[in-house]
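Values in this text are rule-based calculations from the coordinates and carry no lab data. Note that the structure is a prediction, hence the values are computed from the model and not measured. No Cβ is skipped: glycine too gets one built from the backbone with ideal geometry, and neighbour counts run over all protein chains shown.
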Amino acid sequence: MPPLLVTAAIIRQKNLILITLRPEGSRYAGLWEFPGGKIEENESPEQCLEREIFEELGVRAAVGDVFGSTFHKYPWGNILLLAYNCRLLDGPIRNLGVAEHRWVTSEQLDTYPMLPADLPLIEKLQNLAESASRPSAVEPGAFHKT
């Protein structure tokens, strides 16, 4: 059986990342995740994210390039998660299909119980933040004409 195709939005503003809490009554209620959801028939991943963000958060979003993908085996079946860089086009965010939302730093992501399929995306976000905070190997002005 092929994996279920799902999407996730990596939405960053300054050094903060948007995460959402799964609502009571849903599978894995009480766990945090990146916004997104199941791709419906005849829907592209980008269309899915635009729809899911609007349904869950009440805002429009622009879907950019692919951030990454993960494959995860849940007890009920396998998923292929496609994550895209996204940008919110309007606001404010409303918790329509989620219990709560938070803007957190990449370092803070470790303090939230996240869906297992999202964990590789968190690692990538943290690695990107680490490399961005490291000083470059060559200091500005290190080269000059003699």
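With respect to G91, determine if the residue is of a type outside the set (K, R), under 26 Å from P2 (Cβ atoms) and assigned to a loop (DSSP other than H, G, I, E, B).
Taking the combined requirement at face value, the residue does not satisfy it.
Among what's in region 1-37 and is among the charged types (D, E, K, R) and either within 13 Å of L57 (Cα to Cα) or within 12 Å of the chain's Cα centre (by Cα) (or both), pick the residue that is surrounded by the fewest Cβ atoms within 10 Å (Cβ to Cβ).
Ranking the qualifying residues of region 1-37, first place goes to R12.
Do you know which residues across region 1-29 are in a loop (DSSP other than H, G, I, E, B) and under 20 Å from R94 (Cβ atoms)?
Matches in region 1-29: R22, P23, E24, G25, S26, A29.
I'd like to know if region 43-50 contains one or more residues that are surrounded by 13 or more Cβ atoms within 10 Å (Cβ to Cβ) and touching a Gly at 6+ places or on another chain (Cβ under 8 Å).
Yes; the residues of region 43-50 include at least one that is surrounded by 13 or more Cβ atoms within 10 Å (Cβ to Cβ) and touching a Gly at 6+ places or on another chain (Cβ under 8 Å).
Output the residues belonging to region 66-78 that are among the β-branched types (V, I, T) and either within 14 Å of D118 (Cα to Cα) or crowded, with 17+ Cβ neighbours inside 10 Å (or both).
T70
Of these, I53, I17, which one is among the β-branched types (V, I, T), out of contact with any Leu (no Cβ under 6 Å at 6 or more places or on another chain) and free of Cβ contacts under 8 Å to residues at least 60 places away in the same chain?
Answer to the check: I53.
Do you know which residues across region 96-120 are surrounded by 13 or more Cβ atoms within 10 Å (Cβ to Cβ) and in a strand (DSSP E or B)?
H101, R102, W103, V104, M114 - these are the residues of region 96-120 that are surrounded by 13 or more Cβ atoms within 10 Å (Cβ to Cβ) and in a strand (DSSP E or B).
Cβ-Cβ distance below 7 Å, separation of 6 or more or different chains: which pairs start in region 79-95 with a residue that is surrounded by fewer than 20 Cβ atoms within 10 Å (Cβ to Cβ) and end on one that is of a type in the set (D, E)?
Pairs found: N85/D65.
Only one of (1) within 16 Å of the chain's Cα centre (by Cα); (2) farther than 21 Å from R12 by Cβ fails for N42. Which number is that?
That leaves (1) as the condition not met.
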